[in-house]
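Step one of this worksheet: look at the structure below.
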Amino acid sequence: GENVEQHPSTLSVQEGDSAVIKCTYSDSASNYFPWYKQELGKRPQLIIDIRSNVGEKKDQRIAVTLNKTAKHFSLHITETQPEDSAVYFCAALPSGGFKTIFGAGTRLFVKA
Amino acid sequence: KAGVTQTPRYLIKTRGQQVTLSCSPISGHRSVSWYQQTPGQGLQFLFEYFSETQRNKGNFPGRFSGRQFSNSRSEMNVSTLELGDSALYLCASSLDGLAEQFFGPGTRLTVL
């Protein structure tokens with residue numbers, strides 16, 4: 001069935017460094033790839049998304065890249081800050097639609 | 001515009017009981033999805049409703065069911081509760097189920 005694998009499960013970086021989280025999806029017809037951030041005790045919130053007809057998208061310090069051939073997509077956070085500490089989930093919407101498959105999450109720690 | 005709301009926020013039940021959770025989407029959103037969140041499994045898709053119709057479902061036993069009303073509010077029901085059903089249950093709404101989802105605060109269910 002559909003699957004999204006996410007790595008690493010935990011990531012610790014120094015404030016100001018960059019962080020990269022990688023995901024792989026199984027359904028080659030997936031066409032929508034959102035990233036959600038969940039702070040401790042709070043609900044997940046969308047931080048950036050990308051559709052299959054685009055290779056890269058940026059929003060200030062956050063960027064997402066998509067490689068459809070390899071079925072990989074990645075989240076890049078530059079100049080990390082302590083408030084970036086949270087769990088990040090990648091997700092993919094398979095071709096059948098209406099069923100978002102989430103990765104297992106990456107817990108990011110940004111040390112001041 | 002009011003966000004997604006879920007009731008109740010906390011529930012404690014015993015094995016064998018049943019439970020009903022409620023979700024009110026953002027006004028104008030017709031798609032409601034339900035997820036089970038556990039520490040080790042991330043966000044697992046339960047089902048998605050649009051205009052009172054279930055359009056997709058995840059790999060959960062038949063004890064998990066849901067419905068959607070004409071005002072887009074949705075309920076999920078879990079019958080014959082098991083210890084393993086203890087989790088945070090999140091609902092999320094979107095305009096059409098094909099883009100950004102807005103999550104509710106969740107209902108934390110504890111089964112004793």
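The values are calculated or read from the model by the stated rules, or taken from the named source; none is laboratory data. On a predicted model such as this, the values are computed, not experimentally measured, just so you know. Reconstructed Cβ throughout: ideal geometry from the backbone, glycine too, with neighbour counts over all protein chains shown.
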With the requirement that a residue be aromatic (Phe, Trp, Tyr) and surrounded by 22 or more Cβ atoms within 10 Å (Cβ to Cβ), what does the range B:87-108 give you? B:Tyr89, B:Phe103
Yes or no: B:Arg73 more than 9 Å from chain A (Cβ to nearest Cβ), over 21 Å from A:Gly105 (Cα atoms), of a type in the set (Lys, Arg) and in contact (Cβ under 8 Å) with a residue 12 or more places away in the chain? yes
Any residue in the range A:56-81 that is within 19 Å of A:Ser12 (Cα to Cα) sitting within a Cβ distance under 9 Å of a residue that is part of a strand (DSSP E or B) and basic (Lys, Arg)? List the pairs, counting only those 6 or more apart or interchain. A:Ala63/A:Lys57; A:Ser74/A:Lys22; A:Leu75/A:Lys22; A:His76/A:Lys58
Somewhere in the range A:6-25, is a residue among the hydroxyl-bearing types (Ser, Thr, Tyr) and surrounded by 14 or more Cβ atoms within 10 Å (Cβ to Cβ)? yes
Counting only residues in the range B:5-44 that are β-branched (Val, Ile, Thr) and either modelled with pLDDT under 95 or buried (at least 21 other Cβ atoms within 10 Å of the Cβ) (or both), the one nearest to the chain's Cα centre (by Cα) is identified as B:Val32
Can you tell me which of A:Ala112, A:Ala86, A:Ala104 is of a type in the set (A, V, I, L, M, F, W, C) and over 15 Å from the mean Cα position of the chain (by Cα)? A:Ala112
Output for Cβ contacts, cut-off 9 Å, separation at least six or different chains, first residue at pLDDT 95 or above in the range A:43-54, second buried (at least 18 other Cβ atoms within 10 Å of the Cβ) and part of a loop (DSSP other than H, G, I, E, B), reads A:Arg43/B:Val4; A:Arg43/B:Gly104; A:Arg43/B:Gly106; A:Pro44/B:Gln101; A:Leu46/B:Gln101
Can you pull out the residues in the range A:57-112 that are in a strand (DSSP E or B), among the basic types (Lys, Arg) and either on the phi > 0 side of the Ramachandran plot or away from chain B (no Cβ under 11 Å) (or both)? A:Lys57, A:Lys58, A:Lys111
If you check A:Phe33 against the conditions, is it away from every other protein chain (no Cβ under 12 Å) and within 19 Å of A:Pro8 (Cβ to Cβ)? no
Neighbours by Cβ (under 9 Å, 6+ apart or cross-chain): first from the range A:1-19, within 13 Å of A:Val87 (Cα to Cα); second loosely packed, with under 13 Cβ neighbours inside 10 Å and at pLDDT 95 or above: A:Ser12/A:Lys111
Quick one: which strands (runs of 3 or more DSSP E) sit completely within the range B:8-112 and have at least 2 residues that are among the small types (Gly, Ala, Ser)? B:19-24, B:31-38, B:64-68, B:87-94
